[in-house]
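Encoded as structure tokens, the structure appears first; notes follow it.
Bear in mind that the values in this text are calculations on the coordinates, not laboratory data. In this text the structure is predicted, and so the values were computed from the model without any measurement. Neighbour counts are summed over all protein chains in view; Cβ atoms, including those assigned to glycine, are modelled from backbone coordinates with ideal geometry.
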Amino acid sequence: MGIIQFLARDIRMVDYQNQVVMITGASGGLGAEAAQQFGEQGAKLAISDINAEKLAITASALEAKGYEVFSIVCDVTNEVQVKAFVDGCIEKFGRIDAAINNAGIDPAHALLADTTLEDFQRTMDINVKGVFLCMKYQIPKMVAQKSGAICNIASVAGVVGAPSMSAYAASKHAVIGLTKSASYEYGRHKVRVNCVCPFITMTDMFEQTLALAPNREEAIVNLTRAAGLKRPAQPEEIVQAMLFACDKKNSYMTGHELIVDGGLTAI
Ligand SMILES: NC(=O)c1ccc[n+]([C@@H]2O[C@H](COP(=O)([O-])OP(=O)(O)OC[C@H]3O[C@@H](n4cnc5c(N)ncnc54)[C@H](O)[C@@H]3O)[C@@H](O)[C@H]2O)c1
């Protein structure tokens, strides 16, 4: 390689210039941070959330930074709304290069026998049916393009059990099952499907848990003690894995659960 080629080579870690990236649950926590970081890398953003008010604020903030944004209210459990989100993205941008299926909930923590059927069903509905519906409508568009990358947001509770969170853990194990199955089915069409499995991350979801603790700081220390890094993740640290998972240069990784857990499952 000559000096000119060496200096001109693309040394960016990830590149989303003009790539179209869809994100669900984009007005809070990890989804909002993902929109921000994919936007910073040059992506055109198709964002959705069930919360119309927060979505409008998020979309305006992204537009104010100069990013191209399509936003639409979408409850991921509603098939008509999910289809409208995918169709709206195609209508606005003409394609879907990457999809971050992120919307999810963590219901009230309780032992299995004390978990209400309603909480169990709501968790499976949003965390599992939501990811299923998103992929059901995103994949045919990606197959038609002969390219695309999906990153579902599971959890470290998708690879190990989570005491007092059985419904949540079951839902996240299911997300990994959907991810791996779809990765095989659509690999021949050049569609990659991976998921990211975070440990505790400082978002509103975790703040809800902390709000119930008698001492916030003590609770953070106790809940993260088992992780090598002895602290929760910041949203931007988890988004790094999403950027990596969907990057077109990362073209041989599919069917993978990328565990980002501060070392929790290392021992
Ligand atoms: N924060 C953590 O500790 C943690 C750890 C592991 C995995 N996760 C996963 O990361 C993802 C994002 O979580 P977060 O921490 O950013 O949570 P969050 O509560 O901060 O944000 C979730 C977003 O999803 C939206 N949402 C909820 N139900 C929806 C629905 N039915 N349709 C569309 N949008 C909906 C909310 O309005 C909110 O904007 C979730 O799938 C969660 O399970 C989070």
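Points worth noting:
- Across the chain, the longest run free of exposed loop sites, meaning trypsin sites (Lys or Arg not before Pro) lying outside DSSP classes H, G, I, E and B with no more than 14 other Cβ atoms within 10 Å, spans 66-145.
- Legend: residue pairs Lys92/Lys141; Lys146/Lys172; Lys65/Lys248; Lys180/Lys248; Lys146/Lys249, Cα-Cα distance threshold 21 Å; pairs beyond threshold, Lys146/Lys172; Lys65/Lys248.
- Counting Lys and Arg as +1 and Asp and Glu as -1 over every other residue whose Cβ lies under 13 Å from the Cβ of Asp119, the net charge comes to -3.
- Label sites at Asp204 and Ser60, each approximated as a point 7 angstrom past Cα along Cα to Cβ, lie 1.6 nm apart.
- The chain, helix-only ellipticity at 222 nm - DSSP H runs n ≥ 4, -39,500 (n - 2.57), divided by all residues, nearest 500: -14000 deg cm²/dmol
- Note that segment 110-127 has calculated 3J(HN,Hα) couplings of 7, 4, 3, 5, 9, 7, 6, 4, 4, 5, 4, 5, 5, 5, 5, 4, 6, 6 Hz, one per residue in order, obtained from phi through the Karplus relation 6.51 cos²θ - 1.76 cosθ + 1.60 (θ = phi - 60°); glycine and proline are x.
- Net charge, Ala61 excluded, C-beta distance under 15 Å - Lys, Arg +1, Asp, Glu -1: -4
- In a fully extended conformation the segment linking Ala110 and Asn18 would gain 28.7 nm over its present Cα-Cα distance, using 0.36 nm per residue.
- Normalised by the number of residues in the chain, the mean separation of alpha-carbon contacts (under 8 Å, six or more apart) gives a relative contact order of 18 percent.
- Environment charge of Asn222, counting only residues whose C-beta is closer than 13 Å and scoring Lys/Arg +1, Asp/Glu -1: +2
- Separation of segment 108-124 from segment 30-62 is 30 Å, based on Cα centroids.
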